[in-house]
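See structure below.
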Amino acid sequence: MRITKLPVIVLLSTLVFIVSGCNESFQNSGVQDKETIKDTDNDTYIVGQVEKVTLTQKKFVYKARIDTGATTCSASATDIVEFIRDGKKWVRFNMINPKTNEKVQFEKRISRIVPIKRHGAKDQMRKAVKLPIELGEIHDVIEFTLTDRSKFEYPILIGRNFLAGNAIVDCNQKYTGAVAVSFK
């Protein structure tokens, strides 16, 4: 659905963004090495507080929480083991196939170690890897930190490193599928 009344949608999305408590700035969000591929170069997308994202490597579809307060995306992973391959640091980990509920093993090169500040808990150092994902028409290879999120409702957390330059968050919506807004 393409919205053509630019001034109205910009005003409304800005108001929804601020009123809904989503007033985190996407500027200077620590975004690194983005490899975004948009279907239309000049589009920005509106996403809700919860969306379905596809891990394109395995075609797994997960429910994801959109979190403007998180700098980096996070994926639920277990059995995380670091190893060396060709002189580089790699990690082996398992993710749950959402259809079969079975563990599926992945091996990815570690892109960096990320310090994570946690509210009410001890800070952590997490391994980060790049994973290809889709949210609606947004296709991206993005950095995810790996941690066990099995106690959380959403196995994927989408942070500012995915949102910056891609999407505006409407916290009153869920499962929008990334509605395109043209700023031409």
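Out of ILE158, ILE116, report the one residue that is closer than 14 Å to VAL53 by Cα and surrounded by 14 or more Cβ atoms within 10 Å (Cβ to Cβ).
Being closer than 14 Å to VAL53 by Cα and surrounded by 14 or more Cβ atoms within 10 Å (Cβ to Cβ) holds for just one of ILE158, ILE116, which is ILE158.
Looking at segment 71-83 only, could you name the residues that are touching a helix residue (DSSP H, G or I) at 6+ places or on another chain (Cβ under 7 Å) and over 8 Å from ILE158 (Cβ atoms)?
Of everything in segment 71-83, those that are touching a helix residue (DSSP H, G or I) at 6+ places or on another chain (Cβ under 7 Å) and over 8 Å from ILE158 (Cβ atoms) turn out to be THR71, THR72.
Looking at THR44, is it among the polar types (S, T, N, Q), modelled with pLDDT under 95, more than 15 Å from the chain's Cα centre (by Cα) and part of a helix (DSSP H, G or I)?
So THR44 fails the test.
Please state which one of ARG149, ARG160 is in contact (Cβ under 8 Å) with a residue 60 or more places away in the chain, within 20 Å of VAL47 (Cβ to Cβ) and touching an Asp or Glu at 6+ places or on another chain (Cβ under 9 Å).
Result: ARG160 is the single residue among ARG149, ARG160 that is in contact (Cβ under 8 Å) with a residue 60 or more places away in the chain, within 20 Å of VAL47 (Cβ to Cβ) and touching an Asp or Glu at 6+ places or on another chain (Cβ under 9 Å).
Go through segment 85-104 and give me each residue that's assigned to a strand (DSSP E or B) and either under 25 Å from THR54 (Cβ atoms) or hydrophobic (A, V, I, L, M, F, W, C) (or both).
Answer for segment 85-104, where residues must be assigned to a strand (DSSP E or B) and either under 25 Å from THR54 (Cβ atoms) or hydrophobic (A, V, I, L, M, F, W, C) (or both): TRP90, VAL91, ARG92, PHE93, ASN94, MET95, ILE96, LYS103, VAL104.
Please identify the pairs in which a residue from segment 86-97 that is within 11 Å of ASP148 (Cα to Cα) has its Cβ atom under 6 Å from the Cβ atom of a residue that is among the β-branched types (Val, Ile, Thr) and in a strand (DSSP E or B), counting only partners at least 6 apart or on another chain.
Matching pairs, first to second residue: PHE93/ILE80; ASN94/THR78; MET95/VAL104.
Just one of GLU143, GLU107 is at pLDDT 95 or above, part of a strand (DSSP E or B) and surrounded by fewer than 21 Cβ atoms within 10 Å (Cβ to Cβ); which is it?
Exactly one residue qualifies, and that residue is GLU107.
Quick one: how many residues across segment 127-140 are surrounded by 19 or more Cβ atoms within 10 Å (Cβ to Cβ) and either part of a strand (DSSP E or B) or within 10 Å of the chain's Cα centre (by Cα) (or both)?
8
Among the residues that make up segment 64-83, is at least one of them modelled with pLDDT of 95 or more and farther than 21 Å from LYS151 by Cα?
Looking through segment 64-83, at least one residue is modelled with pLDDT of 95 or more and farther than 21 Å from LYS151 by Cα.
Inside segment 113-126, can you point out the residues that are outside any loop (DSSP other than H, G, I, E, B) and closer than 23 Å to ILE96 by Cβ?
The answer is VAL114, ILE116, GLN124, ARG126.
List every residue pair whose Cβ atoms lie under 9 Å apart, where the two residues are 6 or more positions apart in sequence or sit on different chains, the first residue falls within segment 42-57 and is over 19 Å from LYS174 (Cβ atoms) and in contact (Cβ under 8 Å) with a residue 12 or more places away in the chain, and the second residue, located anywhere, is of a type in the set (Phe, Trp, Tyr) and in a strand (DSSP E or B).
Note: pairs meeting the criteria are LEU55/TYR62; GLN57/PHE106.
Give me the residue from segment 143-183 that is out of contact with any Cys (no Cβ under 6 Å at 6 or more places or on another chain) and among the β-branched types (Val, Ile, Thr) and, out of that set, farthest from ILE113 (Cα to Cα).
VAL181
The values are calculated or read from the model by the stated rules, or taken from the named source; none is laboratory data. Computed from a prediction, not measured in an experiment: that's the story for all the values here. Neighbour counts run over all protein chains shown; Cβ positions are idealised from the backbone, glycine included.
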